[in-house]
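To start, the structure under review is shown below, and the notes come after it.
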Amino acid sequence: MGEPDIVFQARDLGKIYQMGEVQVRALEAVDLDIRRGEFIVLLGPSGSGKSTLLNILGGLDRPSSGSARFADHELVGASDAELTRYRREHVGFVFQFYNLIPSLTVRENVELVTDIAHDPMPAAEALRLVGLEERLDHFPSQLSGGEQQRVAIARAIVKRPEVLLCDEPTGALDYVTGKLVLEVIERINRELGTTAIVITHNAAIAGMADRVLHLGGGRIQSVDVNTNKISPSELSW
């Protein structure tokens, strides 16, 4: 066991994908410690390993080598059932595309995951945290893209996950809307103490993180620590 406030610990993490005859090395020799309540930004170009790293930490993918653990859960060597339970109990995911169910209301989309959660918050509370308490009974088609993304965040946090993993959460959104979504993620991190890891290729977003991990060629090339974080409203790109 590592220090008690370390939520993620990876050592010598590697991932190789077999693409036909070719081996693609997506991650190589990654060492990483992430503390409880940190706001981390993973920055790097396409193909740098950001999504692969996030997917391994979230239990969606398995490494080819090395070790990765969440608190006292060893992620390498875990069975499919153990990884499913880990994702269900500890992790909230937000992706670039919202994946809402069109025939369900906003409230019903969020409530979908409360059936499998151990101690969920009321759907209305999750929607209040993302500023959509007035839109409970609307359908996704009645919402803007940014509002749909905030519903997706509410769905991710309603089960009170310890970590929120976000892969390009503003990738499909315009500047103003993207900043609103980042403000929501920052609020979840600050008010609930949820560890947040956000993938982006937008370097401007780095200013709101506690630490910025720069990835390239499947490796962590450098780490920046922000002694003076800025709020999402101060970001510009």
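List of remarks:
- Reported count of residues in region 95-112, each being farther than 22 Å from LYS15 by Cβ and in contact with a strand residue (DSSP E or B) (Cβ under 9 Å, 6 or more places away or on another chain), is 0.
- Pair list, Cβ under 8 Å, 6 or more apart: region 9-32 residue more than 16 Å from LEU57 (Cβ to Cβ), other residue open to solvent by 60 Å² or more (accessible area, probe 1.4 Å) and aromatic (Phe, Trp, Tyr): GLN23/TYR17; VAL24/TYR17
- Against the criterion of being over 23 Å from GLU162 (Cβ atoms) and charged (D, E, K, R), ASP224 qualifies.
- Residue that is farthest from the chain's Cα centre (by Cα), among those in region 195-229 that are β-branched (Val, Ile, Thr) and open to solvent by 50 Å² or more (accessible area, probe 1.4 Å): THR227
- Within region 13-34, the only residue that satisfies the criterion of being over 23 Å from GLY77 (Cα atoms) and of a type in the set (D, E, K, R) is GLU21.
- Of all residues making up region 10-60, the number that are part of a loop (DSSP other than H, G, I, E, B), under 21 Å from ALA71 (Cβ atoms) and open to solvent by less than 50 Å² (accessible area, probe 1.4 Å): 4
- Yes/no for PRO45 being more than 21 Å from ASP224 (Cβ to Cβ), touching a residue at least 24 places away in the same chain (Cβ under 8 Å) and either touching a helix residue (DSSP H, G or I) at 6+ places or on another chain (Cβ under 6 Å) or not hydrophobic (A, V, I, L, M, F, W, C) (or both): no
- Evaluation of VAL212 against (1) within 25 Å of LEU143 (Cβ to Cβ); (2) of a type outside the set (S, T, N, Q); (3) out of contact with any Phe, Trp or Tyr (no Cβ under 9 Å at 6 or more places or on another chain) (one fails), failing number: (1)
- Boolean, TYR98 is of a type in the set (Phe, Trp, Tyr), part of a helix (DSSP H, G or I) and more than 23 Å from VAL24 (Cα to Cα): no
- Candidates in region 179-191 are the residues that are open to solvent by 70 Å² or more (accessible area, probe 1.4 Å) and out of contact with any helix residue (DSSP H, G or I) (no Cβ under 7 Å at 6 or more places or on another chain); of these, the one that is nearest to LEU127 (Cα to Cα) is GLU191.
- Filtering region 84-111 to residues that are modelled with pLDDT under 90, surrounded by fewer than 16 Cβ atoms within 10 Å (Cβ to Cβ) and among the hydrophobic types (A, V, I, L, M, F, W, C) leaves only PHE97.
- Any hit, region 63-74, residues being farther than 15 Å from HIS214 by Cβ and free of Cβ contacts under 8 Å to residues at least 40 places away in the same chain: yes
- Across region 221-237, the number of residues qualifying as free of Cβ contacts under 8 Å to residues at least 60 places away in the same chain and more than 28 Å from LEU13 (Cβ to Cβ) comes to 8.
- ASP137 vs. criteria open to solvent by 30 Å² or more (accessible area, probe 1.4 Å), of a type outside the set (Lys, Arg) and either farther than 29 Å from ILE34 by Cα or at pLDDT 95 or above (or both): yes
The values are calculated or read from the model by the stated rules, or taken from the named source; none is laboratory data. Bear in mind the structure is a predicted one, so any value in this text is a computation, not a measurement. Note that each Cβ is placed from the backbone with ideal geometry, even for glycine, and that neighbours are counted across all protein chains shown. Ligands, DNA and RNA are stripped out before the accessible areas are found, and what is left, the full protein with its side chains, is counted by its heavy atoms. Shrake-Rupley method; radii C 1.70, N 1.55, O 1.52, S 1.80 Å.
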